[in-house]
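Engineer: First, the structure itself, so that you have it in front of you.
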Amino acid sequence: QVQLVESGGGLVQAGGSLRLSCAASGRTFSTYVMGWFRQAPGKERAFVAAIGWSGHSTTEYADSVKGRFTISREDSMVYLQMESLRPEDTAVYYCAALNVGTWVREEDYEYWGQGTQVTVSS
């Protein structure tokens, strides 16, 4: 059974930092692009960041998080380091795995985690 399990969410003050983790199991994800998406209250789920398959360091970020968030991967883990957090970063954050498709397109991702809540207070 394929599983993506996120962790690391929580409550943080504006300007603070958090690191989200995603543990992948059930198959080899080394050839998958791994992405992070988020869904804020009352809004649709949106792309945050993605990283190429293992051994390739290519990354892509949403404009709203460039310079503040960093995505990385190691073995079966994917991380999202979030700095200078803002209240508008408040959302449920999802880890996802992409085999073939466009990195920013939610519908192209094949596997999803259950999400982890990030709340940034002002």
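The values are calculated or read from the model by the stated rules, or taken from the named source; none is laboratory data. Quick caveat, the model's predicted, so the values are computed rather than measured. Glycine gets a Cβ as well: all are built from the backbone with ideal geometry, and neighbour counts include every protein chain shown. The accessibility values were calculated without ligands, DNA or RNA, using every heavy atom of the protein model including side chains. Shrake-Rupley method; radii C 1.70, N 1.55, O 1.52, S 1.80 Å.
Engineer: Give the number of residues within the range 1-24 that are open to solvent by less than 50 Å² (accessible area, probe 1.4 Å), touching a strand residue (DSSP E or B) at 6+ places or on another chain (Cβ under 7 Å) and not acidic (Asp, Glu). I'd like the intermediate steps shown before the answer.
Structural biologist: Start the filter on the range 1-24 by keeping residues that are open to solvent by less than 50 Å² (accessible area, probe 1.4 Å), which leaves 2, 4, 6, 8-10, 12, 16, 18, 20-24.
Applying the additional criterion that residues be touching a strand residue (DSSP E or B) at 6+ places or on another chain (Cβ under 7 Å) yields 2, 4, 6, 8-10, 12, 18, 20-24.
With not acidic (Asp, Glu) added as a condition, the list becomes 2, 4, 8-10, 12, 18, 20-24.
Going through the range 1-24 one residue at a time, the tally reaches 12.
Engineer: A further question follows. Among the residues of the range 90-99, are any open to solvent by less than 10 Å² (accessible area, probe 1.4 Å), under 13 Å from the mean Cα position of the chain (by Cα) and among the β-branched types (Val, Ile, Thr)?
Structural biologist: no
Engineer: I'm trying to understand the selection: among the residues of the range 34-53, which are within 20 Å of residue 110 (Cβ to Cβ), open to solvent by 20 Å² or more (accessible area, probe 1.4 Å) and touching a strand residue (DSSP E or B) at 6+ places or on another chain (Cβ under 8 Å)?
Structural biologist: Hits for the range 34-53 are 38, 39, 45, 46, 47, 53.
Engineer: While we're on this one: Just to be sure I understand the filter: pairs with C-beta atoms under 6 Å, separated by 6 or more residues or on different chains, first member in the range 54-80 and open to solvent by less than 60 Å² (accessible area, probe 1.4 Å), second member part of a loop (DSSP other than H, G, I, E, B) and modelled with pLDDT of 95 or more. Which pairs pass?
Structural biologist: Pairs that qualify, where the first residue is open to solvent by less than 60 Å² (accessible area, probe 1.4 Å) and the partner is part of a loop (DSSP other than H, G, I, E, B) and modelled with pLDDT of 95 or more, are 68/83; 68/84.
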